[in-house]
Every structure is written in structure tokens, then in C-alpha cells.
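Okay, so here's the structure we're looking at.
Please treat every number below as a calculation from the coordinates, not as lab data. Because the structure is a prediction, the values reported are computed rather than measured. Positions of Cβ are generated from backbone atoms using ideal geometry, with glycine treated the same way; all protein chains shown enter the neighbour counts.
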């Protein structure tokens, strides 16, 4: 019995594989910075805990060794008798979208990043500058529209919508997440379409050193890439870049990846 996890900052999708049976479970996100005593083991997995022989965990914040080690140490408390391997969320896209082939992988979600996958490991020419500075990400889009709002540079209808969102926001709600969701839901609006186009262009320009060295198609993942696929494809075309695939939920392709290997 093996367990696969695909974890973002908000949610973790688990896939428990036992011969021909697959069970999917959703729990809270497990970014290295979020791990702590308050995190609860997914109850649906409890009865299987002692029977899992291998755990393959893919997570945001795990591109660097420090993040991977922190997550692995935490998971070892949950699965003390299980062989655990921790990968970055970009590797999830590599395994899900490219398998053993090579190509570029990129994430546009709450944050953003890009790397080249050589069929075995990831190669980084440019590192993500950090969640609030990741170009083209949901956080980036939210901060950009918030700046336009504060500068009174938005049309009256959009400004009014944002005022309602900000006034109704509960204390525990994520402001950037609410604003990014609004942009995705209204990206047909000319102003918001132009904002997205500008920030997606910034994303490709930021990762131009990698794309110059590895001028290959890209597998994209992340909520922003999926929800804004038409605009993203248009911007990619402007840079003569081919998008090979946009994956909404890598967990399903990861299940196929591991079942093909019969691990």
C-alpha cells in the first residue's frame, strides 16, 4: 500500500493506492512554514496508517533541501514505519506531465515558479523571489489590483466591487485570495484582462534566462494557470512559447505515474 500527497498552501490531496483500489482524501495544506502541533492527521487515513509502506509527498515550499527535510521530519511523526520521499510541487508537474521525458514545468497559483525537468531532476536558472513577489501569481495579481484601487486608478464598477469585498471580508479570510478569485471570475473585463496579461508577461520575462537555455514546451499547474488558460496561452504565444499541458489536479496523473511503475 502506498500513499501519494500533492500539497499546496491551502489544501493537500492524498491518494491511497492498495492494489486496484484508490481512495482520495483532502486535508489542509502542508507548507513547511505552516507545520505545527495544531495540524491534524487526516482521519480518513487513520485506519491505514500502519499498512502504508511508501509515501511520496509533493509540496509547495519544498524546492530547497531545508523545506524538504522539515516536511519529512514532520511526516515521520505521522508515519514512523514508512519510507518517505519528499519532492517539490514542480516535481509533481514533472512526473504528472512529462513522466520520463524532458521539458519545462511552471506553477501559477498562490505563488509562481518555473524549472527545467531533464527526465530525472529539476534544474533552476532563476529562483522564485518569494510568495509576495512571485510574478503572475494570485498574490501578485491581488497586490497589483489593490495598489490600483488605493491609487483610485480603477473604473468605478471594479472599484465598487473591491470595496464590497474588503468591507465584507472576515478577519480570518485571506484578502489576497479573495481578490485573486475576483480577478479570475471577471477576467473577461478589459481592465482585468490587461492586468493579467501584464503580469503573465512579467512572469515569462522573469524566467527568460531559463527559457533561453531550455527553449522547450511548458507543463503548467496551479489555479491561476488553469482558470486563466486562454489568456496565459495568448501571452505565451507572444513569446513563441508552447504550453504542452495545463494540469488542474496533478494527483490523478501522479497515481497513473506510480501505478505504471508498480511500486
Cα-based helix-to-principal-axis angle, 229-238 vs the chain, degrees rounded to 10:
70
Compactness summary of the range 148-241: radius of gyration and Dmax from Cα atoms, Å, are 15.6, 47
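Reported to two decimal places, what Rg/Rh ratio describes the chain when computed on Cα atoms with Rh from the Kirkwood expression? Can you show the working numbers first?
Numbers: Rg = 19.2 Å, Rh = 19.4 Å.
Reported Rg/Rh (Cα atoms, Kirkwood Rh): 0.99.
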Cα centroid separation, the range 76-140 to the range 12-52 (Å):
20
Summarise the long-distance tail of P(r) for the range 214-253 by giving the % of C-alpha pairs beyond 13 Å.
52
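Take the Cα atoms of the range 79-176, build their convex hull, and give its volume per residue in Å³.
Values: hull volume 15.7 nm³, N = 98.
Looking at the range 79-176, the number lands at 160 Å³ per residue.
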Using the scaling law 2.2 N^0.38 Å as the reference, what is the normalised Cα Rg of the range 138-201?
1.03
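So what is the relative contact order for the chain, in percent, with contacts set as C-alpha pairs under 8 Å and at least six apart?
Values: 450 pairs, mean separation 46.7, N = 263.
Averaging sequence separation for qualifying contacts and normalising by length gives 18 percent for the chain.
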If one takes the longest principal axis of the Cα atoms in the chain, at what angle in degrees, from 0 to 90 and to the nearest 10, does the Cα axis of helix 190-206 lie?
60
For the residue pair residue 261 and residue 46, what label-to-label distance in nm results when each label sits 7 Å from Cα along the Cα-to-beta-carbon direction?
3.1
Note down the relative contact order for the range 107-158 as a percent, whole number, built from C-alpha pairs under 8 angstrom at least six residues apart.
32
Relative contact order computed over the range 1-102 (Cα-Cα under 8 Å; 6+ residues apart), in percent
27
7 Å from Cα along Cα→Cβ at both residue 35 and residue 169: what's the point-to-point distance in nm?
3.0
On Cα atoms only, tilt of 65-78 relative to the major axis of the chain in degrees
50
